[in-house]
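Just so it is clear, none of the values below were taken in a lab; they were calculated from the coordinates. As the structure is a prediction and not an experimental result, all values here were calculated from the model. No Cβ is skipped: glycine too gets one built from the backbone with ideal geometry, and neighbour counts run over all protein chains shown.
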Amino acid sequence: DTAVSQTPKYLVTQMGNDKSIKCEQNLGHDTMYWYKQDSKKFLKIMFSYNNKELIINETVPNRFSPKSPDKAHLNLHINSLELGDSAVYFCASSQEWVTQYFGPGTRLLVL
Amino acid sequence: GDSVTQMEGPVTLSEEAFLTINCTYTATGYPSLFWYVQYPGEGLQLLLKATKADDKGSNKGFEATYRKETTSFHLEKGSVQVSDSAVYFCALAIKAAGNKLTFGGGTRVLVKP
């Protein structure tokens, strides 16, 4: 009965590859988010969707493309992976614009 | 822009010691304030929150009070345990800004037996 789940948990890949990370929430929330945590633990918002509509798009390279097939899912596709994309990516969801609940994270390592 | 500043770690304490982690913020609107905790190898868990001035959030022995006059939300616990060893993040969110969380840099806390 996991609230916010992400797959995969770990992802190791070569530079130049394309990869996707999936996120699903069973909380019935309307809003979902992607955050990036760098090697120094700093966390920063990347994207946010509300009812499948993009509402936040921070200064993220256009190699990153979020997709929300329905309000329970928010996937992150990354093209042409670079070394600097190595990080932990967290998905989160919220209802009523307040508390966000986070997934367990996807640890991406680009070699 | 909005920002959160929290004390740098690591903070090393003995069990049963008093813990304080300072957090101050700047915001263009009226924020809600949060403390999240990240245990080793895990994701972020909400520890406590406060949505308006003078509110006190509390959970698991941790407390923080929303001080608008000093733009602060300091985290305290009276007697820490080894299991409290983690990284603690202070954060704010503003509804008008899409509710995105703006995080501080995190404070690593290590509690020794």
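A few remarks follow.
- Prolate/oblate/rounded call for chain A, Cα gyration tensor, a/c under 1.5 rounded: prolate
- For the residue pairs A:LYS9/B:LYS56; B:LYS68/B:LYS95; A:LYS67/B:LYS60; A:LYS71/B:LYS60; A:LYS9/A:LYS41; A:LYS19/B:LYS49, the alpha carbons lie more than 28 Å apart in A:LYS9/B:LYS56; A:LYS67/B:LYS60; A:LYS71/B:LYS60; A:LYS19/B:LYS49.
- Cα centroids of the stretch B:62-88 and the stretch A:21-78: 28 Å apart.
- Across every pair of non-identical alpha carbons in the protein assembly as shown, the mean reciprocal distance, once inverted, gives a Kirkwood radius of 18.0 Å.
- Dipole magnitude for the protein assembly as shown: computed about the Cα centre from +1 point charges on Lys and Arg Cβ and -1 point charges on Asp and Glu Cβ, it is near 260 debye.
- Counting only the Cα atoms, chain B fills a convex hull of 91 Å³ per residue.
- Relative contact order for chain A, counting Cα pairs under 8 Å that sit 6 or more residues apart, in percent: 37 percent
- For the stretch A:22-74, dividing the convex hull volume of the Cα atoms by the residue count gives 91 Å³ per residue.
- Cβ-based charge dipole, the protein assembly as shown, positive-most Cα from B:LEU33, A:HIS29, B:THR12: A:HIS29
- Normalised contact order of the stretch B:21-113, rounded percent, pairs of Cα under 8 Å and 6 or more residues apart: 29 percent
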